[in-house]
Every structure is written in structure tokens, then in C-alpha cells.
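The values are calculated or read from the model by the stated rules, or taken from the named source; none is laboratory data. None of the values given here were measured: they were computed from a predicted structure. Reconstructed Cβ throughout: ideal geometry from the backbone, glycine too, with neighbour counts over all protein chains shown. With ligands, DNA and RNA removed, areas are computed over all heavy atoms of the protein, side chains included. Shrake-Rupley method; radii C 1.70, N 1.55, O 1.52, S 1.80 Å.
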Amino acid sequence: MSNNLYNIMVPIDFTSKNKWAIAKAIELANALNCNIHFVHVVSVIAFYTGHYIMNSDPVVDAKNARIKLKGLQEQYANHLCSTGKIEISLLHGAPAYELQAYIKKYDMDIVVTGLSKFNLLQRLWSAVSISALMQKTNIPVLAVRASGLVSHFKKIVVPIHNHIPLKRIRLAAMLGRFFKSTVYVLSLKKQDGEHNLPILTQTLEIFQSITTVPVQSIILEGKNLAKSTLEFSKRINADLIMINPLKEFFMPGWWNRITQRLLSYQSNIPVITVQHDEE
């Protein structure tokens with residue numbers, strides 16, 4: 001990972017949750033002097049009206065979408081106070097595939113997406129999509145709700161398990177430098193009472209070798225790293241949590257394990273999901 005972000009992608013579907021993602025993307029762009037890409041994918045969708053199946057008209061959809069994208073670009077252009085720009089792109093095809101291709105072609109550094117506030121199905125689908133998109137493209141995905149727009153990233157939480165999270169360390173150090181943050185590295189006390197001190201110590205040493213950002217280490221009680229991380233983050237009013245898409249970051253419960261529901265699904269605090277470091 002480089003020492004800065006240059007391109008932020010915000011997938012646009014013209015729903016209310018887009019404005020939360022856009023607000024957070026603008027905050028990042030103003031701090032890091034980078035560009036924002038609003039990207040919408042037009043796909044042919046069939047839906048049942050109760051009497052017969054109708055297909056959306058991709059030509060009409062594309063025309064309407066382009067007008068809306070241009071409107072968003074004009075609406076938020078004055079919100080940027082950095083050298084970055086807002087780009088708009090209209091794609092056609094399968095949304096997941098097209099977004100992945102765009103990310104790779106134009107070297108996106110991070111994706112910022114909004115999470116639905118009330119719709120349970122949409123929230124579940126968003127959590128699944130976050131993990132899938134991140135693993136396919138190998139770039140961080142930041143998920144945010146309306147409640148995550150209050151603060152800059154002053155308190156960054158980085159939970160660790162059984163490996164040194166190099167990608168998250170670099171990203172936390174970079175964001176911490178720009179936002180003057182404090183980073184909290186969390187480790188869960190093992191059930192046998194042992195501490196994961198070697199990994200925790202090495203993680204702190206790497207942080208200290210690459211940044212002067214204040215870093216604190218915390219050993220948590222509990223049986224589930226995701227749940228304990230979320231509880232700790234709420235107590236300190238954290239502004240950002242950084243996780244990997246691993247089972248250690250699934251919320252507790254059999255349904256959460258089956259659906260592989262990451263911590264981001266449950267959190268009102270913004271969560272960045274970063275690809276797991278190669279062993």
C-alpha cells in the first residue's frame with residue numbers, strides 16, 4: 001500500500017445511503033487530496049408486476065442515470081476543498097463484475113459504501129457484497145452509516161488475532177498521520193488465560209517503526225473478538241474500526257456464522273475491511 005490514497009470509488013445506486021458514503025468520501029478526499037469516482041452500473045432487470053414480467057429499458061435507465069450522476073457531481077463539487085476532482089462513470093452490465101473491472105482499470109485505492117439504515121435484507125446483502133468486492137479486488141472497503149458521519153478518524157481501532165496485520169498497520173498509520181489519530185491495537189485474552197503478547201508486541205513495534213502516531217495496546221476479555229472489539233469501540237467513542245474478512249471477525253451466533261456476518265454489519269461506527277495479509 002502506498003503512503004497516500006489517490007482514487008476513491010463510491011458505488012452509486014441513487015438511494016439514501018449514497019449520501020453517507022459520499023460525505024465520508026469527501027472527508028477523505030479533502031484530507032488526502034485525492035479524486036472521487038461516482039460509479040453507477042445499469043443492468044437489465046426483470047421484475048414481476050403481479051400479472052406479467054416487465055424488463056427495464058436500459059436506454060432509458062442509462063439516460064436517467066447519467067442525468068442523476070451529473071446532478072450529484074454538480075451538487076458536491078463545491079464540497080471539495082482539495083486539489084481532487086469528482087469523476088462520474090456510467091457502466092453497463094452485471095454490477096459486481098463491472099465495479100471490479102473499474103477498480104482494477106482505474107487503480108482505485110479504496111471503496112466507500114453506505115449501509116442501509118433499516119432494511120434487514122439490504123444490510124445483510126451489503127455485508128456480503130463488501131467481503132466479496134474486497135476479496136476480488138484486494139482493496140479496502142469502508143462501510144458507513146448515517147451515524148458514522150459525526151467525527152473525523154480521531155480514534156482508530158485495529159483488532160488482531162494470530163497474525164501481524166501489515167496491510168491494516170500501513171493503512172492505520174497513513175490515516176492516523178493525516179487525521180492526527182490515536183490507534184488502539186486490541187487483542188483478546190485466550191480462554192486458557194494466556195495473552196497473545198508476541199503478536200501484540202511485534203505489531204506495536206512495526207507501528208512505531210513507520211509512524212509517530214500514538215498507539216495503545218489493549219487486551220480484552222471475552223470469547224468473541226468481533227463482539228469485544230465493537231463493545232470496546234463504543235466505550236471509547238471510536239471513529240473507525242479496521243478488520244479482515246476472517247471468521248474471527250464474524251459476530252457470535254449460529255446465524256452469523258452461516259451468513260458470515262462481519263462486524264461491519266452490526267456496527268454504527270465506520271468499518272474498513274482490508275484483505276488478509278498473505279502468509
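I'd like to know if the stretch 39-51 contains one or more residues that are at pLDDT 90 or above and within 13 Å of Ile86 (Cα to Cα).
yes
If a residue must be farther than 14 Å from Val271 by Cβ and modelled with pLDDT of 90 or more, how many such residues does the stretch 98-138 contain?
12
Taking Leu80 as the residue in question, decide whether it is within 17 Å of Ala23 (Cβ to Cβ), open to solvent by less than 70 Å² (accessible area, probe 1.4 Å) and at pLDDT below 95.
yes
Which residue pairs have Cβ atoms under 6 Å apart, sit 6 or more places apart or on different chains, and have a first residue in the stretch 13-31 that is of a type in the set (S, T, N, Q) and a second that is surrounded by fewer than 21 Cβ atoms within 10 Å (Cβ to Cβ)?
From residues that are of a type in the set (S, T, N, Q), the pairs are Asn30/Cys81; Asn30/Ser82.
Among the residues that make up the stretch 159-181, is at least one of them open to solvent by 10 Å² or more (accessible area, probe 1.4 Å) and touching a Gly at 6+ places or on another chain (Cβ under 8 Å)?
Looking through the stretch 159-181, none of the residues is open to solvent by 10 Å² or more (accessible area, probe 1.4 Å) and touching a Gly at 6+ places or on another chain (Cβ under 8 Å).
Taking the stretch 157-173 as the search range and keeping residues that are β-branched (Val, Ile, Thr) and either out of contact with any helix residue (DSSP H, G or I) (no Cβ under 6 Å at 6 or more places or on another chain) or outside any helix (DSSP H, G or I) (or both), which one is farthest from Leu225 (Cα to Cα)? Walk me through how you get there before you give the answer.
Of the residues in the stretch 157-173, the ones β-branched (Val, Ile, Thr) are 157-158, 160, 164, 169.
Among the residues that remain, those that are also either out of contact with any helix residue (DSSP H, G or I) (no Cβ under 6 Å at 6 or more places or on another chain) or outside any helix (DSSP H, G or I) (or both) are: 157-158, 160, 164.
Values: Val157: 12, Val158: 11, Ile160: 8, Ile164: 15 Å.
The residue in question is Ile164.
Among the numbered criteria (1) at pLDDT 75 or above; (2) closer than 23 Å to Arg145 by Cα; (3) open to solvent by less than 20 Å² (accessible area, probe 1.4 Å), which one does Phe207 miss?
The one condition Phe207 does not meet is (2).
Which of the numbered conditions does Ala21 fail, given that it passes all the others? Conditions: (1) out of contact with any helix residue (DSSP H, G or I) (no Cβ under 8 Å at 6 or more places or on another chain); (2) open to solvent by 20 Å² or more (accessible area, probe 1.4 Å); (3) modelled with pLDDT of 90 or more.
If we test Ala21 against (1) out of contact with any helix residue (DSSP H, G or I) (no Cβ under 8 Å at 6 or more places or on another chain); (2) open to solvent by 20 Å² or more (accessible area, probe 1.4 Å); (3) modelled with pLDDT of 90 or more, just (2) comes out false.
Checking Leu99 against (1) loosely packed, with under 15 Cβ neighbours inside 10 Å; (2) under 19 Å from the mean Cα position of the chain (by Cα), only one condition comes out false. Which one?
It fails just one condition, (1).
Test each condition in (1) in contact with a Phe, Trp or Tyr (Cβ under 7 Å, 6 or more places away or on another chain); (2) assigned to a loop (DSSP other than H, G, I, E, B) for Ser89 and report the one that comes out false.
(2)
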